[in-house]
């Protein structure tokens, strides 16, 4: 049995340090790429729709919102907030849903005040 284990030397210290640094860098890059793809609220993806809020109603978790002459399919509408703006000039902040170009996710809304 002693004849099989002749060389007890391992990897040199320099190669060990280089391997540890390479593994650390690879893990850091992997985490960065994963986390950078998790930000769905990129400002460039927002759509602003302005007009008189005519009304909205809920059908199967999608809320058709009527703003001006346009009917938008919006998900996750804050109905208690929007109910205060019916008949007023508002701007809806929406984000297109990837599966359907005409389907939006509700981000927020604000009242357009005259100066």
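The values are calculated or read from the model by the stated rules, or taken from the named source; none is laboratory data. Fair warning: this is a prediction, and the values are worked out from it, not measured in the lab. Cβ placement follows ideal geometry from the backbone for every residue including glycine, while neighbour counts extend to all protein chains displayed.
Evaluate the following for residue 40: is it at pLDDT below 80, outside any helix (DSSP H, G or I) and surrounded by 10 or more Cβ atoms within 10 Å (Cβ to Cβ)? Even if it seems obvious, please write down each step before you answer.
Values: at pLDDT below 80: yes; outside any helix (DSSP H, G or I): yes; surrounded by 10 or more Cβ atoms within 10 Å (Cβ to Cβ): no.
Answer is no for this residue.
Kindly indicate whether any position in segment 81-89 is outside any strand (DSSP E or B), modelled with pLDDT of 75 or more and at positive phi. Checked segment 81-89: at least one residue is outside any strand (DSSP E or B), modelled with pLDDT of 75 or more and at positive phi.
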